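The next block holds one structure in the form of structure tokens; read it before the comments.
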Amino acid sequence: MTEISIRKAEKKDLPAIQRLLSTYFLDMEDLEPEDFVLAEKEGKVIGCAALIRDTLNEKTFLELHSIAVHPNLRGKGIGTRLMEYLINNIDSPETPGVQVCELYVRTTAPVFFEKLGFITLQDAEKLLIWEDCRKCEHFEKCAQHAMKYFRVS
């Protein structure tokens, strides 16, 4: 079986990232290729994920912007490997060099994130964190679950 490697993306990976994200109608919205981590198999990009920094009440937090795995390879642990890489390699946005991991996600796949230790947030918390949720006319029937992961190393 061929080994899957996880690595930081480079500029040259842009076409592969865009191709993979477009499979799920995701975009790179203000992200650079270097903001992503990639899963590779036999030199081909088979998965990618990126975090963004956001601010709430002058406190910076991290949010998963996107995660995508090639459709033919879903359910094989690649998304889990990408998330574990991100969780284990991020510093606190408030104190660089300190591994405080507080990570947020809005997702339609809550079971995947629960397996990684994320907890579901109540709608009231979702409204406090994301301004776009406060303004959304579909909030009452939103399919996205707000979730949080927290760990201090």
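The values are calculated or read from the model by the stated rules, or taken from the named source; none is laboratory data. In this text the structure is predicted, and so the values were computed from the model without any measurement. Don't worry about glycine lacking a Cβ; one is built from the backbone with ideal geometry, like all the others, and counts go over all protein chains shown.
When Ile17, Ile52 are checked against the criterion of being touching a strand residue (DSSP E or B) at 6+ places or on another chain (Cβ under 7 Å), modelled with pLDDT of 95 or more and not small (Gly, Ala, Ser), Ile17 stands alone in meeting it. In summary, Gly77 fulfils each of the numbered conditions (1) over 30 Å from Glu42 (Cα atoms); (2) at pLDDT 85 or above with the single exception of condition (1).
If we keep just the residues of segment 27-44 that are part of a loop (DSSP other than H, G, I, E, B) and more than 15 Å from the chain's Cα centre (by Cα), which is surrounded by the most Cβ atoms within 10 Å (Cβ to Cβ)?
Once the filter is applied, the top-ranked residue is Glu42.
Just a yes or no: is a residue in segment 107-126 at pLDDT below 80, over 14 Å from Glu63 (Cα atoms) and outside any strand (DSSP E or B)? Checked against the condition, which is being at pLDDT below 80, over 14 Å from Glu63 (Cα atoms) and outside any strand (DSSP E or B), segment 107-126 yields at least one hit.
Has segment 127-136 got any residue that is β-branched (Val, Ile, Thr) and in contact (Cβ under 8 Å) with a residue 60 or more places away in the chain?
Checked against the condition, which is being β-branched (Val, Ile, Thr) and in contact (Cβ under 8 Å) with a residue 60 or more places away in the chain, segment 127-136 yields at least one hit.
Every residue, every condition in (1) in contact (Cβ under 8 Å) with a residue 24 or more places away in the chain; (2) over 22 Å from Ala109 (Cα atoms); (3) assigned to a loop (DSSP other than H, G, I, E, B), yes or no:
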site	(1), (2), (3)
Ser5	yes, yes, no
Ala16	yes, yes, no
Phe25	no, no, yes
Ile46	yes, no, no
Gly79	yes, no, no
Glu84	yes, no, no
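May I ask you to list the residues in segment 124-141 that are of a type outside the set (A, V, I, L, M, F, W, C) and under 20 Å from the mean Cα position of the chain (by Cα)? Selection gives Glu125, Lys126, Glu131, Asp132.
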